[in-house]
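The values are calculated or read from the model by the stated rules, or taken from the named source; none is laboratory data. Please read these numbers as outputs of a predicted model, since none were measured by experiment. In this analysis, Cβ positions are derived from the backbone assuming ideal geometry, glycine residues included, and neighbour counts consider all displayed protein chains.
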């Protein structure tokens, strides 16, 4: 009797492979992830991501007029606001999903190019919480924009095409690393040594007459090939990212490996959820923000008033008598961001009862933050119950838990910035392994489950 009661009352997350087990379902999973891999391979910066999403939405009927039933706009090419009108009045709120388009990376400094020991190098400043040693001795590409003083924009994408040279940051050989090996990881790898090798061929001239022959040769090449001068880097955004395509991982191709899955996995799944909706009762909003990895500050970050202004335009266009605050207070939002998956080799940093596992569906986190729940909002139980009902009702695999052990560390999302506007907010997204590394891992079934979860949320 006790065993029977336990079996009826107990809860355990479903393995997503048991949900998507028939041939047709697995074909859908694979087809979706094929398109996701193409997206990851094309979109390695926030500008590239926003441009892709804006074009994707416009091709599906989203226009530039907030009076329309499908509206999209962006700011500085780094953040995006999209709105899809439902049949419900706006005074009853919107269903909003926010994901961030930026990722940890290396950025060129304003005066990047130097020469030392016969090499031309570019000095970098790392962006976000990355582990510096992971960026050494690997193929790198350059993406971004260079803006001349006349306003002309030069788009940069070098190191991705077949036959095109890549870039790298050299690493110290183990034979001479005895002193380095005694240091902590933080001490052993210095930020000022994350210098990207640009070349080693000197200028074809008398070296005695040229103080920096390799740097001079590289500057001449940049001017001749791209029309870019050294001063132009002052008004540039050149990002150093891992070179190469995203790919399936494992003999069974059950995982996706790629740079930038935090948080472009949520960008793509939310984008597809918005455009693939089957019901149109809810008013739906998609926000792509920038700068989440460094605190969400700035005009394109989630703490900006930009998104509030966009929603105000929509409300004014459709229901001018409805105060914006009423719309916000009646709204539900998902902070669509990744969380940490249970790492098979570092299980000790997780509290296993409340950990997330790859292959068990989308993750619901009632709160994030660190220590005593610092640095995050906490979702109300009523909203969590509502999401459970939506997911269970559609047999979408999901799990609930925390980022890791309470005293081990922590992290947050942009949920607190939306919560400050009074709306209900819940963290919801897939788990990753190797988060913030140049090659993050996700489960293909979790990618698909996240897409279906966001679709269910939008459809209501």
Every listed condition ((1) surrounded by 11 or more Cβ atoms within 10 Å (Cβ to Cβ); (2) touching a strand residue (DSSP E or B) at 6+ places or on another chain (Cβ under 9 Å); (3) modelled with pLDDT under 95) holds for residue 211 save (1)
Residue hits (the range 355-380; surrounded by fewer than 22 Cβ atoms within 10 Å (Cβ to Cβ) and within 10 Å of residue 426 (Cα to Cα)) are 366, 367, 378, 380
Could you tell me whether the range 171-188 includes any residue that is under 22 Å from the mean Cα position of the chain (by Cα), surrounded by fewer than 16 Cβ atoms within 10 Å (Cβ to Cβ), at pLDDT 95 or above and more than 30 Å from residue 297 (Cβ to Cβ)? no
Of the conditions (1) in a helix (DSSP H, G or I); (2) buried (at least 18 other Cβ atoms within 10 Å of the Cβ), the single one that residue 35 does not satisfy is (2)
Selection over the range 148-161 where residues are surrounded by 15 or more Cβ atoms within 10 Å (Cβ to Cβ) and farther than 16 Å from residue 45 by Cα yields a count of 1
Among 57, 96, the single one that is assigned to a strand (DSSP E or B) and touching a residue at least 24 places away in the same chain (Cβ under 8 Å) is 96
Notebook entry, point to check: Any residue in the range 341-354 that is in a loop (DSSP other than H, G, I, E, B), modelled with pLDDT under 95 and crowded, with 23+ Cβ neighbours inside 10 Å?
Noted result: no
Checked the range 20-31 for anything assigned to a helix (DSSP H, G or I) and buried (at least 18 other Cβ atoms within 10 Å of the Cβ); matches are 29
ask   = In this structure, is residue 303 touching a helix residue (DSSP H, G or I) at 6+ places or on another chain (Cβ under 6 Å) and either at pLDDT 95 or above or closer than 17 Å to residue 433 by Cα (or both)?
value = no
Hey, does the range 221-240 have a residue that's touching a helix residue (DSSP H, G or I) at 6+ places or on another chain (Cβ under 7 Å), under 17 Å from residue 141 (Cα atoms) and in the same structural domain as residue 127 (by TED's automatic domain parsing)? no
Here is a check on your reading of the model: is residue 450 at pLDDT 95 or above, outside the structural domain of residue 136 (by TED's automatic domain parsing), part of a loop (DSSP other than H, G, I, E, B) and touching a helix residue (DSSP H, G or I) at 6+ places or on another chain (Cβ under 6 Å)? no
Note to self: For the structure I just gave you, tell me whether residue 159 is touching a residue at least 24 places away in the same chain (Cβ under 8 Å) and on the phi > 0 side of the Ramachandran plot.
What the structure shows: yes
Subset of the range 401-425, residues touching a strand residue (DSSP E or B) at 6+ places or on another chain (Cβ under 6 Å), outside any loop (DSSP other than H, G, I, E, B) and touching a residue at least 60 places away in the same chain (Cβ under 8 Å), comes to 415, 418, 424, 425
**Report entry** residue 87 being over 21 Å from the mean Cα position of the chain (by Cα) and outside the structural domain of residue 412 (by TED's automatic domain parsing)
**Finding:** no
Qualifying residue in the range 62-78 (condition: within 15 Å of the chain's Cα centre (by Cα) and at pLDDT 95 or above): yes
